[in-house]
Amino acid sequence: DGKTTAIDYREMAPAAAHRNVYLDRDGNLIKGEGSSTVGYRASGVPGTIAGMDLALRKYGSGRLTWAQLVEPARRLAVQGFPMGYSLARSLRGNDYLSKYPETRRIFLRNGNYYSEGEIFRQPELAATLTRIQRSGPKEFYQGLTAKLIVADMKRHNGLITMDDMRGYVAKEREPLRGTYRGHEVISMPP
């Protein structure tokens, strides 16, 4: 219909986040683990699944089912893809990924780094995508996947709870509009 819209599925702060959550007892900004940018406490409630669901329901016009939408990502996680030179190189030099046991295991193979051309598969991601594909978006926010996320958060001093997961909502917003050198510019609003 010619309408332009913006679907906001950015992460949302957990309810336990508060004004001083990233300050130490002396009121100083926490750096490193536990800060606003590093570790479990830096995580917001993910919105991609809800955003894709909103877009599909509102604008999909029946062209794809939810299962069809998820299938390419699920298949890619199962079958994998050949590791490119740039990706293999960037993973090898990534100190951030080495800080956490799971990212070290998955992306760095515990120091057994990927080489160009090796197949990179993600069976755990494939299992998650299979659950979401079969049970729909609510599985991510209310089902086993949500429970796994919340349990991992709890084990690592994160803030996300089941209430946070259940409460996530993607929103449709009016985009910002402007012009530049005679061209219309349409952008995500703040």
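Across segment 57-93, what is the number of residues that are open to solvent by 50 Å² or more (accessible area, probe 1.4 Å) and in a loop (DSSP other than H, G, I, E, B)?
Going through segment 57-93 one residue at a time, the tally reaches 6.
Please find, within segment 120-137, the residue that is farthest from Leu69 (Cα to Cα) out of those that are open to solvent by 40 Å² or more (accessible area, probe 1.4 Å) and without any contact (Cβ under 8 Å) to a residue 40 or more places away in the chain.
Glu124
Across segment 45-56, which residue is farthest from Thr145 (Cα to Cα) among those that are outside any loop (DSSP other than H, G, I, E, B) and small (Gly, Ala, Ser)?
Of everything passing the filter in segment 45-56, Ala55 is farthest from Thr145 (Cα to Cα).
Please count how many residues of segment 94-112 are surrounded by fewer than 12 Cβ atoms within 10 Å (Cβ to Cβ), among the polar types (S, T, N, Q) and closer than 23 Å to Asp152 by Cβ.
Counting residues in segment 94-112 that are surrounded by fewer than 12 Cβ atoms within 10 Å (Cβ to Cβ), among the polar types (S, T, N, Q) and closer than 23 Å to Asp152 by Cβ gives 1.
Of the residues Leu64, Leu76, Leu97, Leu87, which is at pLDDT below 95 and more than 15 Å from Pro137 (Cβ to Cβ)?
The unique qualifying residue is Leu97.
Report yes if some residue within segment 4-11 is part of a strand (DSSP E or B) and either in contact with a Pro (Cβ under 6 Å, 6 or more places away or on another chain) or closer than 24 Å to Pro101 by Cβ (or both); otherwise report no.
Within segment 4-11, one or more residues are part of a strand (DSSP E or B) and either in contact with a Pro (Cβ under 6 Å, 6 or more places away or on another chain) or closer than 24 Å to Pro101 by Cβ (or both).
Restricting segment 13-24 to residues that are part of a loop (DSSP other than H, G, I, E, B) and over 30 Å from Lys138 (Cβ atoms), which is most open to solvent (accessible area, probe 1.4 Å)?
The selected residue is Arg19.
Which numbered condition trips up Asn157, out of (1) at pLDDT below 95; (2) open to solvent by less than 90 Å² (accessible area, probe 1.4 Å); (3) closer than 23 Å to Ala42 by Cα; (4) not small (Gly, Ala, Ser)?
Among (1) at pLDDT below 95; (2) open to solvent by less than 90 Å² (accessible area, probe 1.4 Å); (3) closer than 23 Å to Ala42 by Cα; (4) not small (Gly, Ala, Ser), Asn157 violates only (2).
Need pairs with beta-carbon distance below 6 Å; first residue under 15 Å from Leu97 (Cβ atoms) and part of a loop (DSSP other than H, G, I, E, B) and within segment 25-44, second open to solvent by 50 Å² or more (accessible area, probe 1.4 Å) and of a type outside the set (Lys, Arg); sequence gap 6+ or separate chains.
Correct list of pairs: Gly39/Glu33.
Confirm whether Ser43 is of a type outside the set (Asp, Glu), under 19 Å from the mean Cα position of the chain (by Cα), open to solvent by less than 80 Å² (accessible area, probe 1.4 Å) and more than 24 Å from Gly143 (Cβ to Cβ).
So Ser43 fails the test.
Within the group Arg25, Arg19, which residue is of a type outside the set (A, V, I, L, M, F, W, C), more than 20 Å from the chain's Cα centre (by Cα) and at pLDDT below 90?
Result of the check over Arg25, Arg19: Arg19.
If you go through segment 150-190 one residue at a time, how many are assigned to a helix (DSSP H, G or I) and either touching a residue at least 24 places away in the same chain (Cβ under 8 Å) or over 23 Å from Leu54 (Cβ atoms) (or both)?
Residues flagged as assigned to a helix (DSSP H, G or I) and either touching a residue at least 24 places away in the same chain (Cβ under 8 Å) or over 23 Å from Leu54 (Cβ atoms) (or both) within segment 150-190 amount to 9.
The values are calculated or read from the model by the stated rules, or taken from the named source; none is laboratory data. Since we're looking at a predicted model, the values are computed, not measured. Counting neighbours? That spans all protein chains shown, and the Cβs are built from the backbone with ideal geometry, glycine included. With ligands, DNA and RNA removed, areas are computed over all heavy atoms of the protein, side chains included. Shrake-Rupley method; radii C 1.70, N 1.55, O 1.52, S 1.80 Å.
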